[in-house]
Amino acid sequence: MQTVGIVAQPHGRARLLHPAGAGLRWGAMPAGASQSQGNPQWTADTMAGGTMVFIYVPSGQCLASVPRKHGPLLALRRCDLNAAQRWQEIGGAQASQRQSGQYRNLASRRCLMAGGTGRPGSPAVLAPCATSAPGSQLISFWWGA
């Protein structure tokens, strides 16, 4: 098992997924040596049927889609491997010399995305999956050599 940094690249700038308050946000990449590996704090585990589960190592919780009245939200939850915690890669592309893909949640059928302006602190959101695979929906995993 190898830890990774989960990275989006809206507007060509790498942003690192991390918990912040009650939600998840895209932060600036750390300076220095961690830049090349994306400050790995997640595991991306392949499950049956080719789906994935993303586990935040410091808390041991899974990235999940949580149903809400006005649309699903992203949150960290105790891992139980249900559909709300499973992700499927639906498209791939090359982004900044790294393989990237769109990741759709099995329960909400929405894709993980960098919301807002794409600046550090922008929220991580779930949005309808775009057919053109915009940079805000291209997710890659960065790890050390």
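No lab work stands behind these numbers, since they all come straight from the coordinates. Predicted model, so just to flag it, every value in this text is computed and none were measured. Virtual Cβ from ideal backbone geometry, glycine too; neighbours counted across all protein chains shown.
The table below lists the values:
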quantity	calculated
Neighbour-count order for His18, His11, His70, fewest beta carbons within 10 angstrom listed first	His70, His11, His18
Inverse mean reciprocal Cα-Cα distance (Kirkwood Rh) of segment 3-142, Å	14.7 Å
Under Karplus coefficients 6.51, -1.76 and 1.60, residue-wise ³J(HN,Hα) of segment 20-25 in Hz, glycine/proline x	8, x, 8, x, 10, 9
Extension gain, Ala28 back to Ser59 (0.36 nm per residue minus Cα-Cα distance, nm)	9.1 nm
Neighbour-count order for Ser122, Ser59, Ser136, fewest beta carbons within 10 angstrom listed first	Ser59, Ser122, Ser136
